[in-house]
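Everything below concerns the one structure shown next.
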Amino acid sequence: MGYDMTDGLATSIRTLCPQRLLPVVVMDDPSGAEPLREALQAGGLSCAEITLRTSDALDAVYAMAEDPDFIVGAGTVLTPHQVARAHAVGARFIVSPGYSRLVADECRAVGLPFFPGVATSTEIQQALEAGLRELKFFPAESLGGPGTLKTLTAPFRDVAFIPTGGITAARASSYLALPQVAAVGGSWIASEALLRAGDFASIARLTNEAVRLSRSSVT
C-alpha cells in the first residue's frame, strides 16, 4: 500500500537531526542514558538512535526522551510489537536494518517516521512503492561506501539516504559531501567502549568534532 506523505512517515531526518549526524548507540546500562544525552547536547547534537540490541535499550530510550528538546529514536526495529513498545517509551522515529511492510504499517498507525534499511536498487524501489523517500543505506562501508551510494543515487534523484554501518570519523565527510545524504549514522561518536568506561567527556569532544565536520561539508 502507499502512504499519504503528509503523515508521520514523511517527517524528514533533517528535521529530526538538523546537524546531519545520527549517533547510533548500543547501550548496556540505561543509567548512562542521561549523561550520554548531556554529552551529546554539550557537543552540539540533539538526536540519537538507541538500537534495540540489548535488554535495557527501551529503558535507555525512556530516560533520554525525558528531555523534550532531545529527539531519540529506536533502531534495529524488526517487528510491529517493537514499534509499539518504542513509541510507548517516547521514541520519536524508527530505524530498521531492512524494509518491512508490517513495521511500516505500525509506524504509520502510531505516527512515527520510519527509516528502513536498503542495500540494492530493488529494495529502494520497494520502499518507494510504500511512499518512503528517506532510506538508511546499510551496511554502508561493506557495500562499497560513498562510491556505491553515489552510483545508486543517480536513478533515484528524489530519494535521500542515511548511510550507516562501519562509518568512522575519517570517512564521514565523504558521505556528507553527497547531496542526497540527509544524515550520516555512526557509532564512533558514542562507542560501546566509551559508554562502558563512562567517558562522557570524550563523547562530548567527539560530538563537537563531528558537528564541526558536518558544518564544513558542502551539500
- Message: For a quick check of your reading of the model, give me the residue pairs whose first member lies in region 5-16 and is more than 10 Å from Phe93 (Cα to Cα) and assigned to a helix (DSSP H, G or I), whose second is at pLDDT below 90 and not charged (D, E, K, R), with beta-carbon atoms closer than 9 Å and at least 6 apart or on different chains.
- Response: Ala10/Tyr3
- Check whether at least one residue in region 91-102 is outside any loop (DSSP other than H, G, I, E, B), surrounded by fewer than 22 Cβ atoms within 10 Å (Cβ to Cβ) and more than 17 Å from the chain's Cα centre (by Cα), and report yes or no. yes
- Out of curiosity, is Ala109 at pLDDT 95 or above, farther than 23 Å from Pro163 by Cα and either among the aliphatic types (A, V, I, L, M) or buried (at least 18 other Cβ atoms within 10 Å of the Cβ) (or both)? yes
- region 19-56, subset in a loop (DSSP other than H, G, I, E, B) and touching an Asp or Glu at 6+ places or on another chain (Cβ under 6 Å), residue nearest to Ser202 (Cα to Cα): Val26
- Query: Taking region 133-175 as the search range and keeping residues that are among the aromatic types (Phe, Trp, Tyr) and in contact with a Phe, Trp or Tyr (Cβ under 8 Å, 6 or more places away or on another chain), which one is surrounded by the fewest Cβ atoms within 10 Å (Cβ to Cβ)?
  - Reply: Phe161
- Query: Which condition does Thr120 not pass, out of (1) in contact (Cβ under 8 Å) with a residue 40 or more places away in the chain; (2) closer than 29 Å to His81 by Cβ, if it passes all the others?
  - Reply: (1)
- Message: Can you go through Ala154, Ala86 and tell me which one is in contact with a helix residue (DSSP H, G or I) (Cβ under 9 Å, 6 or more places away or on another chain) and of a type outside the set (Ser, Thr, Tyr)?
- Response: Ala86
- Could you tell me which residue of region 166-185 is nearest to Gly147 (Cα to Cα), considering only residues that are small (Gly, Ala, Ser) and part of a helix (DSSP H, G or I)? Ser174
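The values are calculated or read from the model by the stated rules, or taken from the named source; none is laboratory data. Predicted model, so just to flag it, every value in this text is computed and none were measured. Using ideal geometry, Cβ is built from the backbone for each residue, glycine included, and neighbour counts are taken over all protein chains shown.
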